[in-house]
Amino acid sequence: MSFNFKELSLSGVELSTSPQILTPGRYIVEVTDASLKQTKNGGTAVELSMSDTKGGGSIRAWLNVQVPSSKPATRIGREQLKALLTFGGHPTPDNPSDIASLKGLKVGASVGKDTYTTDNGEEKTGSKLKGFFDPSEIDPDAKPVSPSQSSGEASSSSKDLDDEIPF
């Protein structure tokens, strides 16, 4: 059976509103989804979906947290996860405990160019997450608030800054 484009009707089809893939650059992103996935080689990776906080697009990434055949790959993946947790303001970056606790973290993300070959042997260019950084490097107001600051323990008000300078 052949397809007849002339008879194609899209009247009942909704518009696609999925965001564009982020191009190479530096962004502040929010983790919109996080889950654990089994890898092809029997390891475990954290799968992340992240969106640019300014609405410019999204990106997905996989951080290897356990690779049976490679200590360096495990180390690198865990270092990236720790950077996400730390720069994203996670309350317990050393022991994140629940994968759902990654959702909502806002962090700086460095996106780079990625070249890959499709199953058809065609070479394509895309984007790939390269690492995480403190979001205040882009926007000073984007610094994550730690739990101690949100509870008022480490906060300061402008009246605390009105004391005399002793010199």
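Some notes on this structure:
- Among the residues making up region 11-27, a single one is of a type in the set (A, V, I, L, M, F, W, C), at pLDDT 85 or above and open to solvent by 90 Å² or more (accessible area, probe 1.4 Å): Ile21.
- When the criteria are applied in full, Gly152 fails the requirement of being surrounded by fewer than 16 Cβ atoms within 10 Å (Cβ to Cβ), modelled with pLDDT of 95 or more and part of a loop (DSSP other than H, G, I, E, B).
- Members of region 70-128 found to be open to solvent by less than 70 Å² (accessible area, probe 1.4 Å), touching a helix residue (DSSP H, G or I) at 6+ places or on another chain (Cβ under 8 Å) and part of a strand (DSSP E or B), listed by number: Val107, Gly108
- Qualifying residue in region 42-65 (condition: modelled with pLDDT of 95 or more, in contact with a Leu (Cβ under 9 Å, 6 or more places away or on another chain), open to solvent by 60 Å² or more (accessible area, probe 1.4 Å) and not β-branched (Val, Ile, Thr)): yes
- Scanning region 45-101 for residues that are of a type in the set (Val, Ile, Thr) and under 10 Å from the mean Cα position of the chain (by Cα) yields a single hit, Ile59.
- Positions within region 26-65 being within 16 Å of Lys106 (Cα to Cα) and small (Gly, Ala, Ser), in sequence order: Ala34, Ser49, Ser51, Gly55, Gly56, Gly57, Ser58, Ala61
The values are calculated or read from the model by the stated rules, or taken from the named source; none is laboratory data. Computed from a prediction, not measured in an experiment: that's the story for all the values here. Positions of Cβ are backbone-derived with ideal geometry, glycine not excepted, and every protein chain shown enters the neighbour counts. For accessibility, only protein heavy atoms count, side chains too; no ligands or nucleic acids. Shrake-Rupley method; radii C 1.70, N 1.55, O 1.52, S 1.80 Å.
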